[in-house]
Amino acid sequence: MLDKNKIATYIKGCQVDDGGFSHNQKAPASGLDTYLATAALRIINATPNDAKAVEKFWADHDKAGHITDLIGLYLAVSTLRELKLDPSDYKKHHQIALDFLATGQVKDVSVSNRQLNLTDPAIPTLYLNVVEGEMKYWLYAVSVLHDLAIEFEARPVIDHILSLINPEGSFGRQSGWNVATAYYALKALSLLKYPMADFPRATLQHIERRQNETNFTDGFHFLEELHWSTGSYRLLGLSPDPEKIGTTSGASFIERCQRPNGGFAGAIDMTDSSVEFTYYAVTVANFLNSSVPLWA
């Protein structure tokens, strides 16, 4: 069983002097860790020790001119959403998201990413890795515009997303089945109010197969895979069915990834916990809990 208080204590302990969060508990904070920490705390009904300091963390970066790309804007706005704070101060940057939807291209983000501690090798960067597929930035743009209440034409975005469904149900133009692409695509479609009941049955079957093909006890698979696959299942409006998605093995895998400090490592054979993997763990645990009780 997982103790929410122990998990919350670990996450809260990662808030550092500049107001943000860092998995190594040292400033400067990571923009990525800051968003994921607030999201994980919300899921377990907790809040940061100093929410105002988190808000100021992003305000300071904005004032310094560091929020100049889609990644930084998404992380800032999403953090405020998780804290139930008003993100309207960031509306001045909304053209970044509109430009991406118009071109499908992201600008050079290396400078602002360094300032937000997103490209430091010591910072978990799985969210920024190519393995996440072709839809990540589309989700970022849609999410930012949704949270800032900026109107845009949704139909071309929906059509682009649906064009990535292959005849056999797999998702994306990259070779093989990319569960990350499916997750980001489905999350974007949900924000665009696309009726999930219309989604191809073949894609659901692919998600179920991907879940069942993963042996969560061999130590070679990672929490993000479980997060993406169960997240896709949830976004389709489905309940965790033990007959289809291996809920018992998934729950056991999560428990074996927890470390003594309350955080989670990315796999059974990994040593160090991180904010990122802790976020993955609580999202999956929250989904599976109705089938396999995980919360103490």
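List of remarks:
- For beta carbons closer than 7 Å, sequence separation of 6+ or different chains, a first residue in segment 47-59 that is among the hydroxyl-bearing types (S, T, Y) and modelled with pLDDT of 95 or more and a second that is buried (at least 16 other Cβ atoms within 10 Å of the Cβ) and assigned to a helix (DSSP H, G or I), the qualifying pairs are T47/L41.
- Just one of the listed residues (L148, L204, L186) is surrounded by 15 or more Cβ atoms within 10 Å (Cβ to Cβ), within 19 Å of L235 (Cβ to Cβ) and at pLDDT 80 or above, and it is L186.
- Selected residue [assigned to a helix (DSSP H, G or I), farther than 24 Å from L145 by Cβ and modelled with pLDDT of 95 or more] from T9, T79: T9
- L73 vs. criteria of a type in the set (A, V, I, L, M, F, W, C) and at pLDDT 55 or above: yes
- A count restricted to segment 1-11 and to residues that are within 21 Å of the chain's Cα centre (by Cα) and over 12 Å from N261 (Cα atoms) stands at 2.
- Residue list for segment 19-40, filter: at pLDDT 95 or above and surrounded by fewer than 24 Cβ atoms within 10 Å (Cβ to Cβ): G19, A39
- Failed item, numbered, when F57 is tested on (1) more than 18 Å from S143 (Cα to Cα); (2) touching a strand residue (DSSP E or B) at 6+ places or on another chain (Cβ under 8 Å); (3) assigned to a helix (DSSP H, G or I); (4) not charged (D, E, K, R): (2)
- Test for A197: is it farther than 21 Å from S290 by Cα, modelled with pLDDT of 70 or more, of a type in the set (G, A, S) and surrounded by fewer than 17 Cβ atoms within 10 Å (Cβ to Cβ): yes
- Unmet requirement for V292, which otherwise passes all of (1) aliphatic (A, V, I, L, M); (2) surrounded by 22 or more Cβ atoms within 10 Å (Cβ to Cβ); (3) at pLDDT below 80: (2)
- G266 vs. criteria at pLDDT 90 or above, buried (at least 21 other Cβ atoms within 10 Å of the Cβ) and under 15 Å from the mean Cα position of the chain (by Cα): yes
- Residues of segment 48-88 satisfying the condition of being touching a Pro at 6+ places or on another chain (Cβ under 7 Å) and more than 25 Å from F100 (Cα to Cα): V54
- If you go through segment 15-35 and keep only what is within 20 Å of the chain's Cα centre (by Cα), under 20 Å from V77 (Cα atoms) and not aromatic (F, W, Y), you end up with Q15, G20, S22, A29, S30, G31, L32, D33, T34.
- Among (1) farther than 28 Å from A27 by Cα; (2) small (G, A, S); (3) at pLDDT below 75 - the single one S163 does not satisfy: (3)
The values are calculated or read from the model by the stated rules, or taken from the named source; none is laboratory data. Computed from a predicted structure; not experimentally measured. No Cβ is skipped: glycine too gets one built from the backbone with ideal geometry, and neighbour counts run over all protein chains shown.
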